[in-house]
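All of the numbers you see were taken from the coordinates with simple rules; none came from a lab. None of the values given here were measured: they were computed from a predicted structure. Note that each Cβ is placed from the backbone with ideal geometry, even for glycine, and that neighbours are counted across all protein chains shown.
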Amino acid sequence: MLKIREIGIFNFGPYRGKQQLILGEKDGVTLVYGENMRGKTTLLNAIRFALIGKILGRGERTLEPYRLMNSSAYSEGEREFGVALLMENDGEKIEVRRRCTVGEEPDRKLKIDTTAFVADVPQSQAETNDLLQQLMPEEISRFFLFDGELLQQYEELLMEESVAGEQIREAIEQILGIPVLLNARQDLGEVIERFSKAETREAKKNQATEKHAKNLEAVVERVKELKKDRDKLKEQEQDLADKKAAMDNALKRSSKTQAHMAKLEQAEERIVAIDAKCDAHKEEIRDLMKVGWLWPAMSKLREMESEILVAMETEAQKKAAANRARLIGELAKEAVEVGKCPVCFQECECDGLSLGDGSENEDPDSEASDRQDEANRIRQLSAIKRLLNHPDSGRAVTLMEEIMAIVAERAGLKQDIKDINLQLESEDVEELKQVQANYGPTNSALSECRRALKDNNRQIDEAQSSVNALRKRLRRASGSNQSEEMKRRELAEATRSIFEKSIGRFRDELRDRIEADASALFKKLTTEKQFSGLRINANYGLEIMRDDGGVQELRSSGAEHIVALSLVGALQRNSSLTGPLFIDSPFGRLDAEHRKNVVKALPGMAPQVVLLVYSDELDLQMARTELGASLLAMHRLERRTATHTQIDAN
Amino acid sequence: MTDDRQTIGVSEKSGSTLEALVDAGVFSQQVDAAKLALSVALAHGDEPVESQERTTKWNVGTFDQNGDVRELILCFKPECQTPYREAENLVECGLRRLAEHLESHGQLDLEVLLNEIPKSQEEDAQG
């Protein structure tokens, strides 16, 4: 069992100078309180760096270790930082020291010296590497040193074909010790191959078996080639899966940048669309303006038109009155001359009366002028009517209003683009573009590789069946003269078959145990009484079961967190390696009751538990009450300056 | 009408206004903008003044292909003997107005331009 007794850090992140965190020898829970930006994650990173030589940023992104040199120390000319872990593994004292020297700008090349001491005896580089690999293999470190906020990634285990899920599943199998059996099966395969070669060689010497032996040799050779192809394909698959997982992580990390870029693209597309609309409107307006130049004069023309019409009406009335007067005059003149009214035929006495015929008032010059005026008016009216016979300005006004609205919208969009570009300046757009460009091809290549692998496996199975059939024939042809090599090969095959079956059985048993342990822990942690436990799938993904026998499909962040903690606890209990549990921000979005349940369950999850929390995350009084004697110590990360945090300043 | 102009020209400043109007994308040719200016000046009842040096832009055949300009001027000023001289002077007056319009609105706002035209007494009474 691995326990960390003491953590020594020097100019590491915000930890200026040499500092120590002593965890002691007893089993139990240690609390490390620190507010945001005080160095909780850095402390976890220091332990991870000491054990596996890597540092993780947010979202599991690997960071360059030189970034963890204390910036004040660096600017004051210091160039060294490091971490030392004093541990105990199954009663043996082990110390690991990593001392880093940062090179000069601009490269800041980092030199790292790593030394391990076993019982105070310094180990060689190779021994140190072996020891560290044995103490904490990188693949399983995620179950010992982790960011509580990342626990939701275990949800991936429920998704088939998920690359991240596949990686977690492999890590789970590693912590459970399955690779030991897998390695044994592989070694037996090599033994079988060796015996098989000898067996064939021997059979070729015998005339009765020579033909079968040669055929067998050819098919075995084919199986070998196919297996070589399979290995290559598996390597390729792993490589592509790693790349895809890295891209998935990069895409998750850059969700803000993606949103900005999508907004940018949207704004740019909108500008193209409204520009096209604006151009079409302008084209239409240009056509309209070929006749539209008349619009300003239109109202005056209409006014003139009605004035002319009024004048013509007046003139017509005037003419009618004159005609009436002339007619009456003519009638009166006739009555005087005849002595009788020509209309009613009554006699009248008009002796001596002399009357004109009504034409005395007519001025021939005035009449000519009136006719000229009338002709002018008719001509002008006709011209006005022709000029007014043009489309009105309504459509052009509407188009111009729309153009003005487009111009305003465009200005807004341009400002948005400027703002987004300003934000994007501080984001790694190029990396994201590269990831986005490579994502599709990588995904296709991965699918293609998996198809090829499936096809290859089918061919191997077919060839293997031929091998088995040929071996049977060879056995029959050998009669009672079975070679020693044949017997050895058959024994090795029988042994491998035992391992084959035991792997399957071991996996099933482990899954059952994990399901049972995780369910028991889950029931302690959850506050929902209707949840009856957890059900495990082939990937070690855990589904929440309700007491009505159904599966809880929709899971909140809190529920996801509780399920993940249950899985981690169950893995610790069933692991071939027992170690400390360091959790940064362990409570995620858990409510007070769930926090209490988690705190209560912590001592049962691992012998050594260290929680890195901020004060609002975990109430000390509650922790004391719930943990009782299991609470070993409480430490504080105190701010001295922005670049200096002191462990247990008081 | 023998003394009438055979060509139409504009001053340097009005030439710039014509360019600005065409650049704004609302007119396909300067001649359309010049005729709009003429129409604006007529509608405002501007009294054209013959002055300053002008650069010839169009001959009257190009400027008034279907005779609408001439007819418009004669509608407004039936006694006019030199409609194209009148037209040239009105274009100049109108372009000054359009230059002021562009200055205050930044672009040609047709609705504003048409609303700025003084209404007749009858229209005022109606509206």
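The table below lists the values:
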| item | result |
| --- | --- |
| Average partner coverage of B:68-81, which counts Cβ from other chains inside 10 Å | 4 |
| Given A:93/A:596; A:54/A:232; A:244/A:454; A:40/A:243; A:211/A:487; A:224/A:501, the pairs whose alpha carbons are separated by over 25 Å | A:93/A:596; A:54/A:232; A:40/A:243 |
| Loop-resident sites, region A:225-321, for trypsin sites (Lys or Arg not before Pro), counting at most 12 other Cβ within 10 Å (DSSP) | none |
| Rounded to the nearest 20 debye, dipole of region A:274-411 from Cβ charges on Lys, Arg, Asp, Glu | 860 debye |
| Binned Cα-Cα distance frequencies in region A:1-138 - 10 Å width, integer % | 11, 41, 36, 11, 1 |
| More than 34 Å apart - percent of Cα-Cα pairs taken over chain A | 67 percent |
| Sum of -39500 (n - 2.57) over DSSP H runs of 4+, divided by residues of chain B (222 nm, nearest 500) | -17500 deg cm²/dmol |
| Computed magnitude of the charge dipole of the protein assembly as shown (debye, nearest 20; Cβ of K, R +1, Cβ of D, E -1) | 7520 debye |
| Cβ-based charge dipole, chain A, positive-most Cα from A:375, A:299, A:605 | A:605 |
| Lysine pair count for region A:274-411 [Cα-Cα under 22 Å; pairs on different chains or 8 or more apart] | 6 |
| Lys pairs under 18 Å by Cα in chain B, provided they are eight or more residues apart or on distinct chains | 4 |
| Average silhouette area of region A:274-411, convex hull of alpha-carbon atoms, in square nanometres | 13.1 nm² |
| Of the DSSP H helices in chain A, those whose Cα atoms cover at least 30 Å axially and whose Kyte score averages -1.0 or more | A:178-205, A:255-292, A:295-338, A:394-425, A:484-525 |
| Antiparallel DSSP beta bridges within chain A, percent to nearest 5 | 75 percent |
| Distance between modelled label sites at residue A:505 and residue A:554, nm, 7 Å Cα→Cβ extension | 4.5 nm |
| Residue-averaged 222 nm ellipticity for chain A, from DSSP H runs of 4+ at -39500 (n - 2.57), nearest 500 | -21500 deg cm²/dmol |
| Computed log₁₀ I(q)/I(0) - Debye formula, equal Cα scatterers, no solvent, region A:404-531, q 0.10, 0.12, 0.17, 0.18 Å⁻¹ | -0.82, -0.92, -1.06, -1.09 |
| Estimated FRET transfer efficiency when R0 is 30 angstrom, pair residue B:112-residue A:382 (beta carbons, to 0.05) | 0.40 |
